[in-house]
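K.L.:
Below is one structure. I have some questions about it.
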Amino acid sequence: MPQPFNCIILGAAGRDFHDFQTFFRGRPEYRVCAFTATQIPSISSRSFPRSLAGPQYDADIPIFPQEELPELIQRFEIDFVFFSYSDSPHETVMHVASLVQSYGASFVLLGPAQTQLTSNKSVVAVTAVRTGAGKSPLTQWLVRNLSRAGKRIAVIRHPMPYGDLEKQRCQRFATEADLDRHQCTIEEREEYEPYLELGQPIFAGVDYEAILREAEPEADVIVWDGGNNDVSFIKPGLSITVADALRPGHEVQYYPGETNLRMADVVVINKVENARSADIQLIHNNIHRLNPRADVVESDLDIFVDDSSLITDRTSLVVEDGPTITHGGMPTGAGFLAARRYHAARIIDPRKFAVGSIAESFSAFPHIGSVLPALGYSEIQVQELNETINACGAEVIIDASPAGLAHVIRTETPIARVRYEFRQRSGQPLNEIVEQFLSE
């Protein structure tokens, strides 16, 4: 029998594990010698469990920092390197490809035909061209509308398995107790909490074949809520992709966001109220050039504050959604807009108060404005976030993290919770497009 091809999967605790499950597991002609990790702190200290890898593996598969890639290619005599994470500039992807090839290996991007699962239910997928474009508010709006129409919904979320991978193989969240039981990070809570507030269970984990089969009996419709700008893990019957009017041009500059744009049945240009008309038109032109068959609608995220009087004339610390403000590239978010709208006396710059990995994040992402990203990928990082918040001496915390900081930090400072909801402004009503798809 010929020797298998030695492979490395480059990932960030998400698509990398899915690609392994759908393409590599049970294929003896390939042997994954290692994963690498990037974007998410602390995930390179783990390994991928043998129990999830399948019978051809007699040990856990190690995970290394991506910075060690050249040495790993040589150590394991690698034939193929598979790029399996998202929200990367096209130029970065090709720099990685050039590095891989300079050490003699081949560089591979797996496509939907090799990695998408097929459901026996109708599937609506919501993806984006960049992190923080507004996928989840749109998905939550969609779930509310489908529920009102009497449909049973199963929401499946892009993976965020930052803990014990065996325990996170197949997860269903329906209550706050489920979040606590699974020891969810702030990033996980940000995505799951809004659905629980709607009374809507949500599925996630590592093994998406098992996740999909567990979700299907509960649903008439499967709704995929994507992460970053990744491609849906489940083959959709209706594909909705969100573009960001505040980041014009990014829809054709990031991987695999451009893939989503080209595959979309509907493209939603979001956040148009605060965007320049020329930027909105640029996005329209790019959509027409790359995907002229797509329906195009424009929308906004309406901002609501639970108690806006807490903000007015007070010194405020703004805490924003972590991924949007870090690798998503946005300097500020909804919390900063709320601080301005409700006339905060002053917005505190948290940099000089930041400690540990929180301080490191400001160095790693110098584009961040006078806001604090809600980072909490580990218990230690949550403690550092808590320490940073309390050191700022704010009169009020403006909390625009979707999960709500009150669940994870300890502070005596009042918290003004910011929420945002999807609102369509132009184009054929999305609910009509979805209804038409389901009726067909």
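K.L.:
So what is the relative contact order for the chain, in percent, with contacts set as C-alpha pairs under 8 Å and at least six apart? Let's see the in-between values first.
P.N.:
On the way: 962 pairs, mean separation 68.4, N = 440.
Averaging sequence separation for qualifying contacts and normalising by length gives 16 percent for the chain.
K.L.:
Ranked highest first by average number of other Cβ atoms within 10 Å, how do 118-127, 48-57 line up?
P.N.:
On the way: 118-127: 20.9, 48-57: 15.9.
Top to bottom by mean Cβ count within 10 Å: 118-127, 48-57.
K.L.:
Here's a follow-up. Averaged per residue, what accessible area in Å² does the stretch 92-139 show with a 1.4 Å probe, protein chains only?
P.N.:
Numbers: 1790 Å² over 48 residues.
For the stretch 92-139, the per-residue accessible area is 37 Å².
K.L.:
With a 10 Å radius around each residue's Cβ, average the other Cβ atoms per peptide and rank 158-169, 216-227, highest first. Intermediate results must be reported in sequence, preceding the final value.
P.N.:
Numbers: 158-169: 19.6, 216-227: 21.4.
For the peptides 158-169, 216-227, the packing ranking is 216-227, 158-169.
K.L.:
If you look for lysine pairs in the chain that are eight or more places apart or on different chains, how many of them have Cα atoms under 21 Å apart? Display every interim value, and only then the final one.
P.N.:
On the way: K121/K151; K121/K235; K135/K151; K135/K235; K135/K271; K151/K235.
Counting lysine pairs in the chain gives 6.
K.L.:
Also, I was wondering about something else. Given the rule -39500 (n - 2.57) for each run of at least 4 DSSP H residues, summed and divided by the residues of the chain, what is its mean residue ellipticity at 222 nm, to the nearest 500 deg cm²/dmol?
P.N.:
On the way: 16 runs with 138 residues, N = 440.
Theoretical 222 nm ellipticity from helices: -8500 deg cm²/dmol.
K.L.:
Amide H of L110 versus every other amide H placed in the peptide plane: which residues, excluding those fewer than 5 positions away on the same chain, fall under 5 Å?
P.N.:
Excluding prolines and chain starts, which carry no amide H, the hits are F83.
K.L.:
Leaving ligands, DNA and RNA out of it, report the carbon-plus-sulfur percent of the accessible area of the chain at a 1.4 Å probe.
P.N.:
Values: 8420 of 17720 Å².
Of the solvent-accessible surface of the chain, carbon and sulfur hold 48 percent.
K.L.:
So, one more: Any chance you could look up the accessible area of H343 with a 1.4 Å probe, heavy atoms only, rounded to 10 Å²?
P.N.:
H343 has an accessible surface of roughly 120 Å² with all protein chains in place.
K.L.:
Could you give me the radius of gyration and the Dmax of the chain, taking only the C-alpha atoms into account and expressing both in angstrom?
P.N.:
Considering the chain through its Cα atoms, Rg and Dmax are 21.4, 74 Å.
K.L.:
Follow-up. How long are the three semi-axes of the equivalent ellipsoid of the stretch 318-384, in whole Å, if each is the root of 5 times an eigenvalue of the C-alpha gyration tensor, listed from largest down?
P.N.:
20, 13, 11
K.L.:
Taking Cα centroids, how far is the stretch 131-160 from the stretch 337-368 in Å?
P.N.:
So the two Cα centres are separated by 30 Å.
K.L.:
Still on this model: Largest first, please: the extent of the C-alpha atoms of the stretch 44-104 along each principal axis, to the nearest Å.
P.N.:
36, 26, 20
K.L.:
Determine the shape class of the stretch 275-362: with a ≥ b ≥ c the square roots of the Cα gyration tensor eigenvalues, call it rounded for a/c under 1.5, and otherwise prolate if a/b is greater than b/c, oblate otherwise.
P.N.:
On the way: a/c = 3.16, a/b = 1.69, b/c = 1.86.
Cα axes put the stretch 275-362 in the oblate bin.
K.L.:
Let me ask you something else. Taking Cα atoms of the stretch 11-79, Rg/Rh with Kirkwood Rh, to two decimals? Walk me through the numbers on the way to the answer.
P.N.:
Details: Rg = 11.7 Å, Rh = 12.4 Å.
In the stretch 11-79, Rg relative to Rh is 0.94.
K.L.:
Right, next: On a C-alpha basis, how far is the centre of the stretch 417-431 from the centre of the stretch 185-240 in Å? Whole number, if you could?
P.N.:
Using only Cα atoms to place each centre, the spacing works out to 20 Å.
K.L.:
Calculate, in whole percent, how much of the Cα-Cα pair population of the stretch 251-397 lies beyond 20 Å.
P.N.:
Numbers: 6204 of 10731 pairs.
Here the tail beyond 20 Å accounts for 58 percent of pairs.
K.L.:
Let me ask you something else. Starting from the alpha-carbon convex hull of the stretch 142-239, give the projected area averaged over all orientations, in nm².
P.N.:
Numbers: hull surface 24.5 nm².
Reported value for the Cα convex hull: 6.1 nm².
K.L.:
Here is a follow-up. Where only protein heavy atoms count, and the probe is 1.4 Å, what is the accessible area per residue for the stretch 216-359 in Å²?
P.N.:
Values: 5390 Å² over 144 residues.
Heavy-atom SASA per residue in the stretch 216-359 reads 37 Å².
The values are calculated or read from the model by the stated rules, or taken from the named source; none is laboratory data. Remember, it's a predicted structure, so these values are computed and weren't measured experimentally. Cβ: placed from backbone, ideal geometry, glycine included. Neighbour counts: every protein chain shown. Just the protein is used for accessible areas: all its heavy atoms, side chains included, with ligands, DNA and RNA removed. Shrake-Rupley method; radii C 1.70, N 1.55, O 1.52, S 1.80 Å.
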